[in-house]
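Enquirer: The structure's right below; bear with me while I get my questions together.
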Amino acid sequence: MSNSPHPHLRDAWVLFFVLGVIMINFPFIHIFNKDILIFGIPLLVLYFLVGWPLSILVVYIFARMLEKTEKSR
């Protein structure tokens, strides 16, 4: 038996990793690789400029939540 109080949290980390890999793989890159400018920034560059920090923020929030659950044990 695992010594982790929430075994589903490990599954969430795997899910975050898989979603991150999917975000930077061909289908999404192809979807956002258009000749469209938003505020003078190409759509693909904007996708990376917004998507990367957003994914880091989600992992940070999840890590803080995990830290709180570890302290409460």
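The values are calculated or read from the model by the stated rules, or taken from the named source; none is laboratory data. Just so it is clear, the model here is predicted, and its values are computed rather than measured. All Cβ positions, glycine included, derive from the backbone under ideal geometry; neighbour counts span all protein chains shown. Only protein heavy atoms, including side chains, enter the accessible area calculation; ligands, DNA and RNA are left aside. Shrake-Rupley method; radii C 1.70, N 1.55, O 1.52, S 1.80 Å.
Enquirer: In Å², and per residue, what accessible area does the chain have when probed at 1.4 Å with the other protein chains present?
Expert: Ligands and nucleic acids excluded, the result is 85 Å² per residue.
Enquirer: Using a 1.4 angstrom probe on heavy atoms only, work out the carbon and sulfur share of the accessible area of the chain in %.
Expert: That share works out to 73 percent.
Enquirer: What is the distance, in nm, between label points placed 7 Å from the Cα along the Cα-to-Cβ direction at LEU9 and at LYS71?
Expert: Result: 1.3 nm between the two label points.
Enquirer: Put +1 on the Cβ of every Lys and Arg and -1 on every Asp and Glu Cβ in the chain; which of TYR47, LEU9, VAL59 then has its Cα farthest towards the positive end of the dipole?
Expert: Of the candidates, LEU9 comes out farthest on the positive side.
Enquirer: Here is a further query. Out of (i) 18, 11, 11; (ii) 34, 14, 5; (iii) 16, 14, 12, which label holds the value of semi-axes √(5λ) of the Cα gyration tensor in Å that was computed here?
Expert: It is the one labelled (ii).
Enquirer: What is the angle, in °, between the Cα long axis of helix 43-71 and the longest principal axis of the Cα atoms in the chain? Nearest 10 is fine, range 0 to 90.
Expert: Once rounded, the angle reads 10 degrees.
Enquirer: With charges only on Cβ, +1 for K and R and -1 for D and E, what is the dipole size of the chain about its Cα centre, in debye, rounded to 20?
Expert: Using only the charged Cβ atoms, the result is roughly 240 debye.
Enquirer: Please state the relative contact order of the chain as a whole percent: Cα pairs under 8 Å, 6+ residues apart? Mind dumping the intermediate values first?
Expert: Working: 21 pairs, mean separation 16.9, N = 73.
Once divided by the residue count of the chain, the mean separation gives 23 percent.
Enquirer: Between helix 7-23 and the chain, what is the angle of the helix's C-alpha long axis to the longest principal axis, kept within 0 to 90° and rounded to the nearest 10?
Expert: Between the helix axis and the principal axis of the chain, the angle is about 10 degrees.
Enquirer: Counting helices only, and only those DSSP H runs with n ≥ 4, report the 222 nm mean residue ellipticity of the chain as the sum of -39,500 (n - 2.57) divided by its residues, in deg cm²/dmol to the nearest 500.
Expert: Helices in the chain give a 222 nm mean residue ellipticity of -24500 deg cm²/dmol.
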